[in-house]
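To keep things clear, I will list the structure first and then write my remarks on it.
The values are calculated or read from the model by the stated rules, or taken from the named source; none is laboratory data. What you are looking at is a predicted structure, and each value in this text was computed from that prediction instead of being measured. For neighbour counting, all protein chains shown are included, and Cβ atoms are generated from backbone atoms with ideal geometry for every residue, glycine included. Surface accessibility is based on the protein's heavy atoms, side chains included, excluding ligands, DNA and RNA. Shrake-Rupley method; radii C 1.70, N 1.55, O 1.52, S 1.80 Å.
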Amino acid sequence: MMQRNPSDLDQEIDLYTTSRERQKYDDQANLFAIIMATEQLERAYARDDISRDEYTTECNKLISQFRLAEKAALKDMTTETFMQLYHMECPRARERLLVMGVPEPMKSGNADAGGVAVTVAEVVSYFITTMDAVKLEQRAVDELQPLLCDLMESLTRLPETPNDFEPNRKVQKWLQKLNSMRAVEQIDEDDARQLCHDLDSAYAEFTRYLKRT
């Protein structure tokens, strides 16, 4: 019976044989770490272990890092598939990164007039930028998703909007759709036409909100 050399048991097994394969594993490890960090941040905020300002700053940073890491790491699968493949039980991170795409809203009913004016100006700017992008035939997920994220984040800071505020609902619907796609994918022309229509109607509802306030 052959006996194995004990030194063979200590031999490391390479996960990669080329620099490209190594970069792939590094990128996926980075994405894994960002998702786990987001889950821990959401749990800490739910327990009141961190302040609202700390949460918002770190969450925005993680969302930005996630967008870049997802694009680099996932060429042939979605983030949902990646999380299932590596048995990642991260429901809060999934909700924040793949569904919401923005930090938990921090609206205040007693916001000062100057702050509200700045927020309104941001919303108008993000609406116009996003609608222009669609009309200029930008179709890639990694082109449209950041624009919708910025728009959604500014909308959630508007004071005294109802829970079923139509602009939020429509933008959130498209964010959720794009977040379920890979960064390298594109929406088709039917989706682009519907997105343009939804943004136009959301902007019209937003202007009606301004007239009522």
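So the values come out like this:
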| read-out | value |
| --- | --- |
| Cβ-Cβ under 9 Å pairs, at least 6 apart or on other chains, region 178-190 side without any contact (Cβ under 8 Å) to a residue 60 or more places away in the chain and on the phi < 0 side of the Ramachandran plot, far side surrounded by 14 or more Cβ atoms within 10 Å (Cβ to Cβ) and among the basic types (Lys, Arg) | Gln186/Arg139; Ile187/Arg139; Ile187/Lys177; Asp188/Arg139; Glu189/Arg139 |
| Pair list, Cβ < 6 Å and 6+ apart or interchain, from region 77-97 residues that are closer than 13 Å to Phe32 by Cα and open to solvent by less than 20 Å² (accessible area, probe 1.4 Å) to residues that are part of a helix (DSSP H, G or I) and acidic (Asp, Glu) | Thr79/Glu70; Cys90/Glu39; Ala93/Glu39 |
| Exclusive hit being of a type in the set (Ser, Thr, Tyr) and free of Cβ contacts under 8 Å to residues at least 24 places away in the same chain, set Thr161, Thr156, Thr207 | Thr207 |
| Unmet requirement for Ser125, which otherwise passes all of (1) open to solvent by 10 Å² or more (accessible area, probe 1.4 Å); (2) modelled with pLDDT of 90 or more; (3) touching a helix residue (DSSP H, G or I) at 6+ places or on another chain (Cβ under 8 Å); (4) not aliphatic (A, V, I, L, M) | (3) |
| Selected residue (criterion: nearest to Leu147 (Cα to Cα)) from residues of region 34-87 that are assigned to a helix (DSSP H, G or I) and of a type in the set (Val, Ile, Thr) | Ile63 |
| Region 170-200 - residue that is open to solvent by 50 Å² or more (accessible area, probe 1.4 Å) and under 16 Å from the mean Cα position of the chain (by Cα) and, of those, nearest to Thr78 (Cα to Cα) | Arg182 |
| Count of residues meeting criterion [of a type in the set (Lys, Arg) and not in a helix (DSSP H, G or I)] in region 168-183 | 1 |
| Test result for Tyr203, under 28 Å from Leu74 (Cβ atoms), open to solvent by 30 Å² or more (accessible area, probe 1.4 Å), of a type outside the set (A, V, I, L, M) and not in a loop (DSSP other than H, G, I, E, B) | no |
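Yes/no per residue for (1) polar (S, T, N, Q); (2) modelled with pLDDT of 90 or more; (3) under 19 Å from Gly101 (Cα atoms):
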residue	(1), (2), (3)
Asp132	no, yes, no
Asp142	no, no, yes
Leu147	no, yes, yes
Asp150	no, yes, yes
Glu160	no, no, no
Asn168	yes, yes, yes
